[in-house]
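Undergrad: For reference, the structure I am asking about is given below.
The values are calculated or read from the model by the stated rules, or taken from the named source; none is laboratory data. Predicted, not measured: the structure shown is a model, and the values here were computed from it. Note that we place each Cβ from the backbone using ideal geometry, even for glycine, and neighbour counts take in every protein chain shown. Quick note on the areas: whole protein, heavy atoms, side chains included, nothing else; ligands and nucleic acids left out. Shrake-Rupley method; radii C 1.70, N 1.55, O 1.52, S 1.80 Å.
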Amino acid sequence: GAVVSQHPSRVICKSGTSVKIECRSLDFQATTMFWYRQFPKQSLMLMATSNEGSKATYEQGVEKDKFLINHASLTLSTLTVTSAHPEDSSFYICSASRVSNEQFFGPGTRLTVL
Amino acid sequence: GQQLNQSPQSMFIQEGEDVSMNCTSSSIFNTWLWYKQDPGEGPVLLIALYKAGELTSNGRLTAQFGITRKDSFLNISASIPSDVGIYFCAGRDNYGQNFVFGPGTRLSVLP
């Protein structure tokens, strides 16, 4: 149990376009979902935390208008990178937390903005 | 804010050797998690610890929740090539919703 999926796994887009990444908890209801960004050879950087039905809480320095998060249900959260630029290229990973509080990570989405 | 330190930052060991790494915090935590991340993939939860002094095993992996509640250790016995990856610790206190992640320990296993 505790499987989290992400879609797509890889995306390449042109500068200026928007990209949506989906995160789903497949076999449990997630009380909270988290979005992280990871640069090569670095640790996970928390971008935002979201609870179903409420607005996401963004970490300091993360632009909420740039990274739109929607947590539509207890099993789905989406991250939309709006007007993407090359500096937004990164590995984006979501995680979902259940009542027992462990965080389970998705496989990640590699975004490349040309 | 809370910070976690992991040591060593990286290590190279021979296949078959035992590995030990640790994670220390500036504040007290009530939950510790250990993850392994393979290149290009998301972290996978290895072990979760909930009580000071707790010692938990998962196959060749053993992790302990430090008595001071400010540290945790992960040991890997008889390492094999597939143990290669980055190991992250994560901790959370009684008041936080989020886990704080350490910078990771990069493990390389030489054949």
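Undergrad: From the C-alpha gyration tensor of the protein assembly as shown, pull out the three semi-axes of the equivalent ellipsoid (sqrt of 5λ each), sorted largest to smallest, in whole Å.
TA: Three semi-axes, in Å: 30, 21, 15.
Undergrad: May I pose another question? Give me the distance between the Cα centres of the range B:25-62 and the range A:8-36, rounded to whole Å.
TA: The distance from the Cα centre of the range B:25-62 to that of the range A:8-36 comes to 25 Å.
Undergrad: Follow-up question, since we're still on this one. Shielding by partners for B:35-46, please: the mean number of other protein chain Cβ atoms within 10 Å of each residue's Cβ.
TA: 5
Undergrad: Counting only C-alpha contacts under 8 Å and six or more residues apart, can you give the relative contact order of the range B:54-104 as a whole percent?
TA: Contact order relative to length: 21 percent.
Undergrad: Still on this structure, please answer the following. Cross-link candidates for A:LYS14: which lysines have Cα within less than 19 Å, leaving aside residues fewer than 8 places away along the same chain?
TA: Once the sequence-local lysines are set aside, what remains near A:LYS14 is A:LYS66.
Undergrad: Got a number for the accessible area of A:TRP35? Probe 1.4 Å, square angstrom, nearest 10.
TA: 0
Undergrad: Of all DSSP beta bridges in the protein assembly as shown, what percent run antiparallel (nearest 5)?
TA: If I count the DSSP bridges inside the protein assembly as shown, around 90 percent turn out antiparallel.
Undergrad: Kindly list the residues of the range A:95-112 that lie in the label zone of A:THR31, defined by a backbone N under 16 Å from the point 7 Å along the Cα-to-C-beta vector.
TA: A:96-104
Undergrad: Now a separate question. So how far apart, in nm, are the two label points at B:GLN14 and B:SER26 if each is 7 Å from Cα heading toward Cβ?
TA: Result for the modelled spin labels: 4.0 nm.
Undergrad: Further, regarding this structure: With θ set to phi - 60° and the Karplus curve 6.51 cos²θ - 1.76 cosθ + 1.60, what are the ³J(HN,Hα) couplings of the range A:27-39 in order, to the nearest whole Hz, using x for Gly and Pro?
TA: Residue by residue, the range A:27-39 yields 10, 7, 8, 8, 5, 9, 10, 10, 10, 10, 10, 9, 8 Hz.
Undergrad: Order these peptides, A:60-66, A:15-21, B:54-60, by their mean beta-carbon neighbour count within 10 angstrom, highest first.
TA: A:15-21, B:54-60, A:60-66
Undergrad: What do the square roots of 5 times the Cα gyration tensor eigenvalues come to for chain B, in whole Å, largest first, as semi-axes of the equivalent ellipsoid?
TA: 23, 14, 12
Undergrad: With the crude spin-label approximation of a point 7 Å out along Cα→Cβ, what separation in nm comes out for B:VAL44 versus A:SER54?
TA: 3.4
Undergrad: Moving on to the next point. When the solvent-accessible surface of protein heavy atoms is calculated with a 1.4 angstrom probe, in what order do B:LEU45, B:LEU33 fall, highest first?
TA: B:LEU45, B:LEU33
Undergrad: Return the sequence-ordered ³J(HN,Hα) values of the range B:54-71 in whole Hz as given by the Karplus equation 6.51 cos²θ - 1.76 cosθ + 1.60 applied to θ = phi - 60°, using x for Gly and Pro.
TA: Along the range B:54-71, the couplings run 4, 10, 10, 10, 9, x, 7, 9, 9, 10, 10, 8, x, 4, 6, 6, 10, 8 Hz.
Undergrad: Same structure, new question: Nearest 100 Å² is fine: what is the total accessible surface buried where chains A and B meet, probe 1.4 Å?
TA: Accessible area lost upon association: around 1500 Å².
Undergrad: Right, something else. Quick check on chain A: what does the Kirkwood estimate of hydrodynamic radius come out to from the alpha carbon pairs, in Å?
TA: One decimal place: 13.9 Å for the Kirkwood radius.
Undergrad: Please tell me the relative contact order of chain A in percent, rounded to the nearest whole number, where contacts are Cα pairs under 8 Å and at least six residues apart.
TA: Relative contact order of chain A: 37 percent.
Undergrad: Give me the percent relative contact order of the range B:1-84, please, defined on Cα pairs under 8 angstrom at least 6 residues apart.
TA: After rounding, I find 31 percent.
Undergrad: R0 = 22 Å: FRET efficiency of B:SER57 with A:MET45, Cβ-based, nearest 0.05?
TA: Between B:SER57 and A:MET45 the formula returns 0.10.
Undergrad: Here's another thing I want to ask about it. Going Cα to Cα from B:LYS36, which lysines come in below 28 Å? Please leave out same-chain ones fewer than 8 positions away.
TA: By straight Cα distance, B:LYS36 reaches A:LYS20, A:LYS41, B:LYS51, B:LYS70.
Undergrad: Ranked from the most accessible area to the least, with a 1.4 Å probe and all protein chains present, what is the order of A:THR57, A:THR75, A:THR80?
TA: The residues order as A:THR57, A:THR75, A:THR80, largest area first.
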